[in-house]
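Participant: One structure, pasted below without further comment.
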Amino acid sequence: MHELRDAAKKEAVLECLLAWGNTIKLLDAETDMLREYPNPYMFLLNLDPVKNTLNVTPYIKEQLKEAEARYLIAEKESGESSQVVLVSVESLGALKKAYPNYFADTTDFVTAVRQEIGLLPS
């Protein structure tokens, strides 16, 4: 438990889990902005759990090389706790189906872990 507690504090693992769990709410807010891309081929997702932000950039098929280049730049520029992924799906709705783990509600799990390792009262 001591190792888990230390890792949870040092690596901000639990905060990352909560942030990914909140991704669906942030993604819903981005949906209106993304309507101008009727035929997206891929999405660059950049989640910063510390700032609680999610940046979504859609790309069409002809922008594959640009998307890959932007992904590499985002990876290099991202903070330690940030998560950057480039995913290929036909729509935002398909994104949730293809990558359900990005949208899982992790609240109960994180609360249980925090209680078990003594970060919350039991």
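Participant: If residue 14 satisfies every condition in (1) under 26 Å from residue 118 (Cα atoms); (2) at pLDDT below 75 but one, which is the exception?
Facilitator: Against the list (1) under 26 Å from residue 118 (Cα atoms); (2) at pLDDT below 75, residue 14 comes up short only on (2).
Participant: Let me ask something else about it. For residue 19, only one of the following conditions fails: (1) closer than 15 Å to residue 106 by Cβ; (2) at pLDDT 80 or above; (3) of a type in the set (Gly, Ala, Ser). What is its number?
Facilitator: (2)
Participant: What pairs come up if the first residue lies in segment 67-88 and is closer than 19 Å to residue 40 by Cα, the second is surrounded by 15 or more Cβ atoms within 10 Å (Cβ to Cβ) and basic (Lys, Arg), and their beta carbons are under 9 Å apart, counting only those six or more places apart or on different chains?
Facilitator: Filtered contacts from segment 67-88: 86/70.
The values are calculated or read from the model by the stated rules, or taken from the named source; none is laboratory data. All figures in this text were calculated on a predicted structure; none of them were measured in a lab. When we count neighbours, we look across all protein chains shown, and the Cβ atoms used for this are built from the backbone with ideal geometry, even at glycine.
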